[in-house]
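Visitor: Dumping the structure here so I can ask a few things about it.
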Amino acid sequence: MEDLKILGVLPSKISTNAKFLSSNYPKRRKLVQTKYDLPIMDSMICEREDLAKCLENSIAFGDDLIPDPRSVLDFKPDSPSSHEFEVLAMEILEKINS
């Protein structure tokens, strides 16, 4: 059995605030790398309204409502969030094929 290989930590739920991205975000990336000695993915997934809306779907199952999230790639294929997931997919493919 092969050992688990960590491709990297994925920054997610990242604020799109320009000041945060230019000042705090780089410091946090460096802190994670230093503290945990793990690689950080180049890709990141920002916190956006379209992602939140993808999670709002639910279906009835008896008396319960069960989450039925939609893919952002289906919900808003031309959105910045969809683009971020496409970039992430390409980065993952690149890392596993190298």
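The values are calculated or read from the model by the stated rules, or taken from the named source; none is laboratory data. All figures in this text were calculated on a predicted structure; none of them were measured in a lab. Methodologically, a virtual Cβ is constructed for each residue, glycine included, from the backbone with ideal geometry; neighbour enumeration extends over all protein chains shown.
Visitor: Tell me which residues, restricted to segment 39-67, are within 17 Å of the chain's Cα centre (by Cα) and among the aliphatic types (A, V, I, L, M).
Guide: Residues satisfying the conditions are I40, M41, M44, I45, L51, A52, L55.
Visitor: Say whether the condition of being at pLDDT below 95, surrounded by 10 or more Cβ atoms within 10 Å (Cβ to Cβ), touching a helix residue (DSSP H, G or I) at 6+ places or on another chain (Cβ under 6 Å) and over 22 Å from L21 (Cβ atoms) is met by at least one residue in segment 80-96.
Guide: Scanning segment 80-96, I find no residue that is at pLDDT below 95, surrounded by 10 or more Cβ atoms within 10 Å (Cβ to Cβ), touching a helix residue (DSSP H, G or I) at 6+ places or on another chain (Cβ under 6 Å) and over 22 Å from L21 (Cβ atoms), so the answer is no.
Visitor: Next question, about the same structure. Keeping to segment 27-51, report how many residues are of a type outside the set (S, T, Y) and exposed (fewer than 11 other Cβ atoms within 10 Å of the Cβ).
Guide: Residues flagged as of a type outside the set (S, T, Y) and exposed (fewer than 11 other Cβ atoms within 10 Å of the Cβ) within segment 27-51 amount to 5.
Visitor: Residue by residue through segment 1-46, note down the ones that are aromatic (F, W, Y) and more than 26 Å from S98 (Cα to Cα).
Guide: Matches in segment 1-46: F20, Y25.
Visitor: Does D64 count as in contact (Cβ under 8 Å) with a residue 12 or more places away in the chain and closer than 30 Å to K76 by Cβ?
Guide: no
Visitor: Select from segment 6-51 the residues that are among the β-branched types (V, I, T) and touching a Gly at 6+ places or on another chain (Cβ under 9 Å) and list them in ascending order.
Guide: Matches in segment 6-51: I40 only.
Visitor: Here's another thing I want to ask about it. What helices (runs of 4 or more DSSP H) completely inside segment 12-98 contain at least 1 residues that are in contact with a Lys or Arg (Cβ under 9 Å, 6 or more places away or on another chain)?
Guide: Here the list reads 49-54, 72-75, 80-96.
Visitor: Now a separate question. Out of all the residues in segment 2-16, which are closer than 20 Å to E84 by Cα and either free of Cβ contacts under 8 Å to residues at least 12 places away in the same chain or of a type in the set (K, R) (or both)?
Guide: Hit for segment 2-16 is K13, nothing else.
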